[in-house]
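Read the structure below first, then the notes.
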Amino acid sequence: MIRGTFVLFRPQNILEKPMEPPILTRIRITDMPEIGAHDLGQCVLVTRDLGKTVRSALEKHLARSHGGLCLDFSGVVVIDFGCAEEIVCKLVSKVIADVPGKYIVLEHLEVGPKENIREVMEGQRLSVLYRTPEGGWECLGLMQKSWIPVFERVVANGYGDAGTIAGQLAIPVTRVTPSLRRLSVVRLLWQQEPPTSGLQPLYELVGGKDGKHIRDLA
């Protein structure tokens with residue numbers, strides 16, 4: 001009889017779901033008392049002063065959250081560039097610089113507010129995820145050309161590692177890995193930490209496919 005210890009080795013490109021993704025708290029902007037009185041479905045966000053006040057309140061929600069915030073812009077029909085920069089750009093910038101392990105995503109944007117936010121994010125070379133009305137995801141702001149096919153595969157799959165995505169795109173892993181890392185740095189993806197021994201790091205879409213990692217404010 002042969003006695004000994006057997007060790008199971010798994011291939012590096014196997015897909016293994018992360019166990020504890022960041023859970024985002026949904027904050028409906030029009031429900032915030034800092035906004036003041038407004039007609040239902042006709043909220044207008046203008047001026048930097050208002051943006052600063054809203055961002056200050058959001059930072060408190062961010063500190064209490066498990067994994068970050070989903071900003072729900074339902075009912076917001078106008079947001080000017082200054083207010084968009086104060087609320088979205090500066091909140092995303094703060095998270096990247098000072099708040100590890102937390103994320104910001106957006107949802108329910110009308111066309112005008114969406115394009116204004118996109119423009120100020122591009123101007124500041126920042127990125128933020130937007131959940132579309134169809135339940136998919138797109139990036140508002142900076143998206144380098146080399147990131148696009150990798151980002152699109154993660155959006156389609158919900159998650160993935162460099163080996164799997166490289167196989168799907170028929171390109172070398174060495175072209176995929178830097179894009180995944182950068183998408184994680186700008187907080188469009190989150191990386192399972194620490195990666196399971198012997199496996200490649202696994203990256204998942206912030207908020208989860210179909211928004212499954214977003215919860216309403218209790």
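The values are calculated or read from the model by the stated rules, or taken from the named source; none is laboratory data. Remember, it's a predicted structure, so these values are computed and weren't measured experimentally. Cβ sites come from the backbone with ideal geometry, for glycine too, and all protein chains shown count toward neighbours.
A few remarks follow.
- Selection status of residue 68, buried (at least 23 other Cβ atoms within 10 Å of the Cβ) and more than 25 Å from residue 210 (Cα to Cα): no
- Members of the range 34-63 found to be surrounded by fewer than 14 Cβ atoms within 10 Å (Cβ to Cβ), free of Cβ contacts under 8 Å to residues at least 24 places away in the same chain and farther than 16 Å from residue 105 by Cα, listed by number: 34, 36, 37, 39, 49, 56, 60
- Of all residues in the range 172-191, those that are within 19 Å of residue 91 (Cα to Cα) and either hydrophobic (A, V, I, L, M, F, W, C) or touching a Ser or Thr at 6+ places or on another chain (Cβ under 7 Å) (or both) total 6.
- Matching strands (runs of 3 or more DSSP E) fully within the range 1-97 where at least 1 residues are of a type outside the set (A, V, I, L, M), at pLDDT 95 or above and within 18 Å of residue 131 (Cβ to Cβ): 24-28, 68-72
- Residue selection: residue 111 fails the criterion of being in contact with a helix residue (DSSP H, G or I) (Cβ under 9 Å, 6 or more places away or on another chain) and among the hydrophobic types (A, V, I, L, M, F, W, C).
- Test for residue 111: is it free of Cβ contacts under 8 Å to residues at least 12 places away in the same chain and either loosely packed, with under 14 Cβ neighbours inside 10 Å or touching a strand residue (DSSP E or B) at 6+ places or on another chain (Cβ under 9 Å) (or both): yes
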